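Comments concern the structure below.
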Amino acid sequence: MSRSSPMPKTFVSTDRIRSLFTEAMSQMYRAEVPQYGALIELVADVNAGCLENDPELRERLASAGELERIDVERHGAIRLGTAEELFTIRRLFAVMGMQAVGYYDLSVAGVPVHSTSFRPVDEAALNVNPFRVFTSLLRLELIADEGLRGEAAAILAVRRIYTPRAIALIERHERNGGLTAPEATEFVAEALETFRWHGEATVSAETYKRLHDAHRLIADVVSFKGPHINHLTPRTLDIDAVQARMPERGITPKAVIEGPPPRHCDILLRQTSFKALEERIGFSGDDGATRGTHTARFGEIEQRGVALTAKGRALYDRLLASVRGEVQVGAGGAKAGAYDSELAERFKALPDGWDELRRQDLAFFRYSATAGGIAAAVRGTLPGDPEALIAKGYLVFAPIVYEDFLPVSAAGIFQSNLGTDQQQNYATRSNRDAFEAALGATVQDELALYAERQTASLDAAMEALGLAGLQLKTVA
């Protein structure tokens, strides 16, 4: 009698693990930062109103498969201290189907870090749960004081931000190709410990002050047991409404919304936040009784629009730089109105219609053949001109959501919520090679990912219409 083979294990999908982790993270952060719960409720109210009052928006989101993801959508942010920490976080996020996309050098805006975004990359996974984590690595070489730099490096070298069990489960996922349901549940619980807030600093009050004086963010990265999640961000469909209504919930927003101005056709990413909490902490020392405060964690809201092409992004960057170079918003927000007005005026140079954005190759779109177009193909009555296909409703297009981040906006949020408008200048160059060496991988090009999605959708649509190979023409 032959022995039967063991039953194969059934692995939980990375999408499912990501969703479990997102929910656990949200519950943890809500308990740690009660204002986050108020923010979630406000965003839910605003989004419900938007969908009720704008049937066209609801239909567009539903057709693109994005409607269901709105309520679960979050992005978080963490700041790491060492190359080893970054290398392992890449492996941890891989268990959740998240990859490193984009390189962001924030040192040019006075923040001594460089960053990437871990997120899902394919459309199906994004529509299940587009959880993203903006992950920054401290650039110790930017600490001017050589002695303090060495001290910070020594402090970071001995901390361990991952539990032994989390490491073991990451290795099991890599070895076996997945995790079972019990393993996935355990992994989420263990991984969550890396992101938990710890009210006890690992340094003395005197060391904390020296790190803080060098830069508030340096103190935040170096002084604690782990890289506590410093914000979780829900997605809203109307960030201006949220900004206006935050004071009704006892929340004080920052002076200006980062990113582009309000538009009919949303582009890229707009972000706002409430000021970081001043949280009580204890410092290490002989008596262990020294107390102080730390300011780092805050609430943030975002509104996402269409991803721009390289051409569109160059125009966006030029317009934004022209405003920021002339109108500065102080800590009190005295010039916020002037900034908003000038921003709206300058951005009139960027078309505010979907078709014009498409024709000028300024934004990325998803194409699909309609039932009427397929019927016309069967009858043999399709026009050979791609623009005529669109005009007759045989070929339709919808904006591809921008899934990534904007370095100027990220720096603006960081500066605002570190309690300062200080624009420290670092005489340094971007160091992507060092970041990727620490990561142990090459970060993916976000523009290439959007272009691939657009091309794949257009090819599939043309194939459905029996016009394989037919390409759209754009205005130069």
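The values are calculated or read from the model by the stated rules, or taken from the named source; none is laboratory data. Not measured: the values here are computed from a predicted model. Just so you know, the surface numbers come from the protein's heavy atoms only, side chains and all, with ligands and any DNA or RNA stripped out. Shrake-Rupley method; radii C 1.70, N 1.55, O 1.52, S 1.80 Å.
Summary table below
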| quantity | calculated |
| --- | --- |
| Distance between the range 185-246 and the range 332-395 - C-alpha centres, whole angstrom | 39 |
| Amide proton proximity set for residue 225, modelled H, under 5 Å, gap of 5+ | 202 |
| The range 89-137: C-alpha gyration tensor shape, a/c 1.5 cut-off, then a/b vs b/c | prolate |
| Calculated from backbone phi, Karplus (6.51, -1.76, 1.60) coupling profile of the range 149-163 in Hz, x at Gly/Pro | 4, x, 5, 4, 4, 5, 4, 5, 5, 9, 7, 10, 8, 10, 6 |
| Percent breakdown of C-alpha pair distances by 20 Å bin, ordered from the shortest bin, for the chain | 22, 54, 21, 3, 0 |
| Average projection area in nm² (convex hull over Cα atoms of the range 234-286, one quarter of hull surface) | 5.6 |
| Viscosity 0.890 mPa s, 25 °C: Kirkwood-radius Stokes-Einstein D of the range 172-231 over Cα pairs, µm²/s | 179 |
| Accessible surface, per residue, of the range 226-309 when the full set of protein chains is kept, probe 1.4 Å, Å² | 31 |
| Estimated Rh, the range 1-88: Kirkwood, alpha-carbon pairs, angstrom | 17.1 |
| For the range 269-320, projected area of the alpha-carbon convex hull averaged over all directions, nm² | 6.0 |
| Amide hydrogen neighbours beyond the local backbone of residue 363, cut-off 5 Å, H modeled | 309 |
| Gyration tensor verdict on the range 88-177 (Cα atoms; rounded if a/c is under 1.5, prolate if a/b is larger than b/c, oblate otherwise) | oblate |
| Length-normalised contact order of the chain in % [C-alpha pairs under 8 Å, at least 6 apart] | 18 |
| Cα-based Rg of the range 28-142 normalised by 2.2 N^0.38 Å, two decimals | 1.29 |
| Protein accessible area in the chain, 1.4 Å probe - carbon and sulfur % | 53 |
